[in-house]
Amino acid sequence: MECIDIGWQVSLLAGLGLLLTAPLGPPVAAQTDSEPTTVECEVLIAGGGLGGVAAAYDSLRLGQQVCVTEITDWIGGQATAQGVSALDERPLQRGGATGEEHFPSGYSEFRDRIRAAYGGELNPGKCWVSVLCFSPRVGHQVLREMLQPYVESGQLQLFTDTVVASVDTDENLVTSVTAIRHIPTRPELAGGGRGNLSEYFLDWYDPAPSADWDKEEIAFVPPSDRANTAVVPWMVIDATETGELWPLADVPYLLGTDNLAAYWEPSAKSEAATPYCTQGFTYTFVMERTATPQVHIKPDFYDNPEHGRYYSFEQTRFNFANVFTYRRIRGQVAAGSIDNEVQAATIRVGDRSMQNWTWGNDWRISTPDRNFILTPAQLEASGQLEPGGWRGGLRPEALRWGEQHALGYFYWLVVGRTDFLLQDDPEFEKAYHFRHRLMQGADAPMGTASGLSKYPYIRESRRLLGRPGVGYPEGFLIYESDISVEASDLQRGRPFVFTDSLGIGQYPIDFHACVQPEDFSPDPLDIDYEGVILSYPYQIPLRALIPQKIDNLLAGAKNIAATHIAAASYRVHPVEWAIGSAAGNAAAFALAEDVFPASLVEGLPTEFEQLRSLQIQVESLDNPITFPGTSIVETDWADFR
């Protein structure tokens with residue numbers, strides 16, 4: 001039975017170890033010709049991150065037959081495969097003074113099951129950035145447990161190690177989605193023996209078998225009994241980490257920073273749109289305090305100035321003990337303070353820390369020839385939009401640079417002697433920290449040979465441009481002024497209240513902005529969008545999920561219709577879950593009522609009878625769509641603290 005890493009290896013909930021080896025879906029026959037295997041679904045969800053899991057969970061609870069594809073072998077995205085197992089939340093959603101949580105019910109269940117897996121411990125990691133820090137492996141196991149009854153009943157088909165290869169459309173509908181499942185040819189590739197993602201990324205999108213992977217092509221299609229009889233034959237949800245379906249389905253979307261004059265957002269700085277400039281991504285890892293000193297070998301790329309110049313504790317109050325306990329995922333003593341001496345005294349042998357540090361393993365260098373998510377022009381030039389040409393829409397070299405940067409950061413943490421922001425401070429002195437090891441292998445928290453997360457933590461995706469409507473002549477978007485305290489106070493003293501809300505969230509607008517080496521300044525304030533902007537509690541409107549042109553396609557993750565600035569708040573754990581939950585509910589409602597989601601908002605702001613029926617459905621699953629006391633005439637409810 002698989003064990004989780006709390007205290008001294010406590011076993012997971014009874015029977016869960018069996019789930020880890022259970023089939024992820026019905027076996028797909030090996031291909032002997034060019035014809036893909038056909039799989040029917042009422043709801044197809046591309047992407048098994050938090051948004052994808054949430055969309056699946058609510059669609060399943062509403063009775064739909066669901067298929068989910070996921071590029072890695074773990075579900076859960078940013079909380080698991082991307083390694084950010086310290087939940088980014090705000091006190092208002094946690095209940096504040098009343099103690100009444102305002103999360104989607106599935107997300108609350110996820111949190112409760114995590115704690116149950118640790119014997120009821122409220123914060124297993126004793127971290128101080130969150131009220132709940134845990135092992136990424138445990139997060140994956142718990143989500144598998146939540147979905148397992150639907151797998152066993154046949155209502156859910158999970159296709160991990162599977163990428164989307166193409167999207168076929170006919171007029172206003174997605175008619176089929178072709179995917180490639182990669183199957184390891186060697187036992188070690190089935191577990192923690194895999195190399196880094198950059199080694200396999202392009203291979204996974206190539207339908208031809210390779211030395212490491214056999215391949216199976218799968219064609220997902222609507223159920224045959226609906227295909228020719230229903231207005232809505234099926235629903236497709238893009239919950240991929242980078243919005244892969246938007247270019248494949250040829251729907252309008254945005255990427256990178258927006259033009260300063262485009263939306264007149266107070267925090268906008270870019271005079272021209274820069275599609276290559278997305279937020280930095282991060283390969284996370286877990287390090288463990290050891291009883292004896294470890295031997296640390298300097299990576300051959302460590303002295304590259306593009307790595308070392310970005311490593312820093314940023315302020316004198318942050319140093320090794322602060323950063324280690326910040327996102328500690330296994331701890332024995334809680335400090336209850338950010339004072340360094342107090343934090344250092346709480347670190348014990350066996351404590352484990354997940355690292356996700358802005359001036360550490362964030363990879364943020366992004367120029368027109370070094371960007372991570374390829375722009376529309378780059379996709380066109382590289383032939384990825386041609387039939388059979390899709391290769392994931394990312395730059396594999398950027399993945400490799402991010403991997404190296406993260407491994408270099410670990411070496412800097414334990415051995416490095418410099419700090420590029422503090423090196424001129426006469427009182428600065430960075431100590432060695434030899435008694436720490438990078439956790440690697442199949443049984444490690446990240447489940448990889450390198451110790452790095454299976455997929456980088458993605459902060460920004462391709463962002464949908466919604467449908468034109470009243471007040472949105474070019475297409476619906478959530479603006480900074482809809483959610484930020486500073487921008488909203490210029491207009492109304494509260495966030496915008498959306499009539500078509502299907503969920504809620506709150507988190508500061510948090511930027512990890514891209515940087516360009518030639519323009520780099522050691523002062524973070526000189527970089528566009530660095531830092532945070534306070535936000536009000538806000539909502540997730542249905543219109544933010546609906547693309548132009550295609551009626552049976554929805555957004556289900558960080559790829560919603562929002563500006564570059566607003567999207568920086570909608571990316572965190574509970575909000576991504578709420579987005580996925582909203583998409584799953586909208587898809588199930590569309591199938592049950594045989595109406596397209598866009599028809600529910602066409603009459604806004606005056607006609608919303610069917611929309612209200614959808615909102616009642618969402619609330620029936622204990623998913624809030626407003627914060628208590630929400631009103632357009634009162635502002636007391638809009639307490640952002």
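The values are calculated or read from the model by the stated rules, or taken from the named source; none is laboratory data. Owing to the predicted nature of the structure, the values given are computational and were not obtained by experimental measurement. Counting neighbours? That spans all protein chains shown, and the Cβs are built from the backbone with ideal geometry, glycine included. For the accessible areas, the whole protein counts, side chains as well, though only heavy atoms, and no ligand, DNA or RNA atoms are used. Shrake-Rupley method; radii C 1.70, N 1.55, O 1.52, S 1.80 Å.
The length gained by stretching the chain between Asp250 and Ser620 to full extension, at 0.36 nm per residue less their Cα-Cα distance, is 129.7 nm. With every protein chain in place and a 1.4 angstrom probe, the accessible-area ranking of Glu634, Glu314, Glu70, largest first, reads Glu634, Glu314, Glu70.
What does the charge count around Ala46 come to, taking other residues whose C-beta lies under 12 Å from its C-beta (Lys +1, Arg +1, Asp -1, Glu -1)? Summing Lys and Arg as +1 and Asp and Glu as -1 gives -4. On full extension, the segment bounded by Ala208 and Arg370 gains 55.6 nm, given 0.36 nm per residue less the C-alpha separation. For Lys298, a cut-off of 29 angstrom between C-alpha atoms picks up these lysines, skipping any fewer than 8 places away in its own chain: Lys430, Lys454.
If I model a spin label as a point 7 Å beyond the Cα along the Cα-Cβ vector, how far apart are those points for Gln516 and Thr418 in nm? The two pseudo-label positions are separated by 2.4 nm. Charge tally around Arg462: other residues with Cβ under 12 Å, Lys/Arg +1 each, Asp/Glu -1 each, net -2.
Can you give the Rg/Rh ratio of segment 193-243, where Rg is from the C-alpha atoms and Rh is the Kirkwood radius? Working shown, then result.
Numbers: Rg = 16.5 Å, Rh = 14.3 Å.
That ratio is 1.15, to two decimals.
Pairwise Cα distances in the chain exceed 49 Å in 7 percent of cases. On a per residue basis, the convex hull of the C-alpha atoms belonging to segment 162-203 measures out at 86 Å³.
Out of every Cα-Cα pair in segment 221-315, what percent are more than 22 Å apart? Could you put the intermediate results ahead of the total?
Numbers: 2946 of 4465 pairs.
The answer is 66 percent, as a whole percent.
Ratio of Rg to Rh for segment 87-193: 1.09 [Cα atoms; Kirkwood radius as inverse mean 1/r over pairs].
For Arg94, the accessible surface of its heavy atoms amounts to roughly 60 Å² (probe 1.4 Å, protein chains only, rounded to the nearest 10). Helical runs assigned H by DSSP (4 residues or longer) give the chain a calculated mean residue ellipticity at 222 nm of -7000 deg cm²/dmol, each run adding -39500 (n - 2.57) before division by the residue total.
Size of segment 420-459: Rg and Dmax of its alpha carbons, in Å, are 16.0, 44. With each label modelled as a point 7 angstrom along the Cα→C-beta vector, the Glu271-Glu486 pair spans 2.1 nm.
To the nearest 0.05, what FRET efficiency results for Glu602 and Thr37 with a Förster distance of 51 Å applied to their C-beta separation? If you can, show how the numbers build up before the last one.
Values: r = 38 Å, r/R0 = 0.74.
Computed FRET efficiency for Glu602 and Thr37: 0.85.
Among the protein heavy atoms, those of Tyr150 account for about 50 Å² of accessible surface (1.4 Å probe, every chain in place). Computed with a 1.4 Å probe on the full set of protein chains, the accessible area for Arg137 sits at about 20 Å².
The residues of the chain present an accessible area of 36 Å² per residue when probed at 1.4 Å with all protein chains retained.
Other residues within the sphere of radius under 11 Å centred on the Cβ of Leu254, judged by their own Cβ, net out at -1 (K and R +1, D and E -1). Approximating the spin labels as points 7 Å out from Cα along Cα→Cβ, the Phe428-to-Asp303 distance works out to 2.1 nm. The mean of 1/r over all pairs of different alpha-carbon atoms in segment 301-345, once inverted, gives a Kirkwood hydrodynamic radius of 12.0 Å.
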